[in-house]
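Scroll down for the structure; my scribbles are underneath it.
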Amino acid sequence: MNKRIEFCPDGENETVGFFVVEETRIAGVSYLLVTESEDDEEAEAYILKDLSEDGETEARYVFVEDDQELEAVSKIFAELLEDVDLEL
């Protein structure tokens, strides 16, 4: 997946860009596994959660910071990407 997204994190004034590695939907919530570099295998990865409401034209992403949610979603991404080693 080579999709690139840009968003402005809460409390920030500048947009940041990420490459989408994988996406999934859990209990009606969309999650993205993203990285800052498309080519660097050692790049930091982040999980974003879409908080937008039905009918909104643009997604509203936030970083997943809750440890339990992060661990659960990480396991699902690890299963989807068998050849990738995810570290929390």
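The values are calculated or read from the model by the stated rules, or taken from the named source; none is laboratory data. Quantities reported herein were computed from a predicted structural model and do not represent experimental measurements. Virtual Cβ from ideal backbone geometry, glycine too; neighbours counted across all protein chains shown.
In the stretch 1-27, the qualifying residues are those that are outside any loop (DSSP other than H, G, I, E, B) and of a type in the set (Asp, Glu), and the one that is surrounded by the fewest Cβ atoms within 10 Å (Cβ to Cβ) is Glu6.
Of the residues Ser52, Ser30, Ser74, only one is surrounded by 11 or more Cβ atoms within 10 Å (Cβ to Cβ), among the small types (Gly, Ala, Ser), modelled with pLDDT under 90 and out of contact with any Cys (no Cβ under 6 Å at 6 or more places or on another chain); which?
Going through Ser52, Ser30, Ser74 in turn, the sole match is Ser52.
Scanning the stretch 38-49 for residues that are modelled with pLDDT under 90 and in contact with a Phe, Trp or Tyr (Cβ under 7 Å, 6 or more places away or on another chain) yields a single hit, Glu38. Output yes when any residue across the stretch 55-63 is part of a loop (DSSP other than H, G, I, E, B), surrounded by 15 or more Cβ atoms within 10 Å (Cβ to Cβ) and in contact (Cβ under 8 Å) with a residue 12 or more places away in the chain, and no when none is. Among the residues of the stretch 55-63, not one is part of a loop (DSSP other than H, G, I, E, B), surrounded by 15 or more Cβ atoms within 10 Å (Cβ to Cβ) and in contact (Cβ under 8 Å) with a residue 12 or more places away in the chain, which makes the answer no.
In this structure, is Glu22 among the acidic types (Asp, Glu) and either more than 23 Å from Glu79 (Cα to Cα) or touching a residue at least 12 places away in the same chain (Cβ under 8 Å) (or both)? Talk me through it step by step, then tell me what you get.
Working: among the acidic types (Asp, Glu): yes; either more than 23 Å from Glu79 (Cα to Cα) or touching a residue at least 12 places away in the same chain (Cβ under 8 Å) (or both): yes.
Considered against the rule, which asks whether it is among the acidic types (Asp, Glu) and either more than 23 Å from Glu79 (Cα to Cα) or touching a residue at least 12 places away in the same chain (Cβ under 8 Å) (or both), Glu22 comes out as yes.
Taking the stated definitions as given, is Leu32 part of a helix (DSSP H, G or I), in contact with a strand residue (DSSP E or B) (Cβ under 7 Å, 6 or more places away or on another chain) and not β-branched (Val, Ile, Thr)? Working first, answer last.
Numbers: part of a helix (DSSP H, G or I): no; in contact with a strand residue (DSSP E or B) (Cβ under 7 Å, 6 or more places away or on another chain): yes; not β-branched (Val, Ile, Thr): yes.
No.
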